[in-house]
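The values are calculated or read from the model by the stated rules, or taken from the named source; none is laboratory data. Given the structure is predicted, the values throughout are model-derived calculations rather than measurements. Note that we place each Cβ from the backbone using ideal geometry, even for glycine, and neighbour counts take in every protein chain shown. Just so you know, the surface numbers come from the protein's heavy atoms only, side chains and all, with ligands and any DNA or RNA stripped out. Shrake-Rupley method; radii C 1.70, N 1.55, O 1.52, S 1.80 Å.
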Amino acid sequence: CYSYTKETAKIFLDMGFYFGIGGVLTFKNAKKLKEAVEYIPMDRIVLETDCPYMAPEPHRGTRNDSRNIPYVIAKIAEIKGVSEEEVEQTTRESAFALFTKVPR
C-alpha cells in the first residue's frame, strides 16, 4: 500500500518496482500520494484494498474489501486525466505482468 512521496517513487521506479495503490489515495489529506500517483507511470500501478484496512472515501473507517476498488480507479482516472476504463485495463495488465514475471 504505497503512501510515500513522488521522490521516493522515483527511487522505487529505478529499481523496477510496481506500486500498490489503495483507498488512502481518496483521503483528503493524501496530497503527497496524489502527487506520487500523478508521477508514477500507469503501467507500474496495481490496485489493492489493503483489506481489511484503509477503506476509501466515502467508506473510510469501515471494513475494506475489493468492492471498494472502483473508488480508487475513479481517483486515479481523475489524477491522470484518463478514463476509468483505461485505468482498469492498464492496472489489470500491470498486475498480470507483475505476477507472471519469472525471477532471474
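Which percent of the accessible area of the range 1-48 is formed by carbon and sulfur heavy atoms (probe 1.4 angstrom)? Can you show the working numbers first?
Details: 1400 of 2590 Å².
Taking all protein chains in place, the range 1-48 shows 54 percent carbon and sulfur surface.
Measuring spread by the Cα atoms of the chain yields a radius of gyration and Dmax of 13.1, 42 Å.
The convex hull around the C-alpha trace of the range 57-104, projected and averaged over every direction, spans 4.6 square nanometres.
At 0.36 nm per residue, and after removing the present C-alpha to C-alpha distance, how many nm does the segment from Thr5 to Leu98 gain when stretched out fully? Walk me through the numbers before you get to the answer.
On the way: separation 93, 0.36 × 93 = 33.48 nm, distance 2.18 nm.
Gain in length upon complete extension: 31.3 nm.
The relative contact order of the chain comes to 26 percent, based on Cα pairs under 8 Å that sit 6 or more residues apart. For Val46, the residues whose modelled amide H falls within less than 5 Å of its own, excluding neighbours fewer than 5 places apart on the same chain, are Phe19, Gly20, Ile21. What's the FRET efficiency of Lys31 with Ala77 using the Cβ-Cβ distance as r and R₀ = 25 Å, to the nearest 0.05? After rounding to 0.05, the efficiency reads 0.85. Within the straight-line cut-off of under 14 Å between alpha carbons, the aspartates and glutamates reachable from Lys6 are Asp14, Glu35, Glu38, sequence neighbours fewer than 8 places apart in one chain being disregarded.
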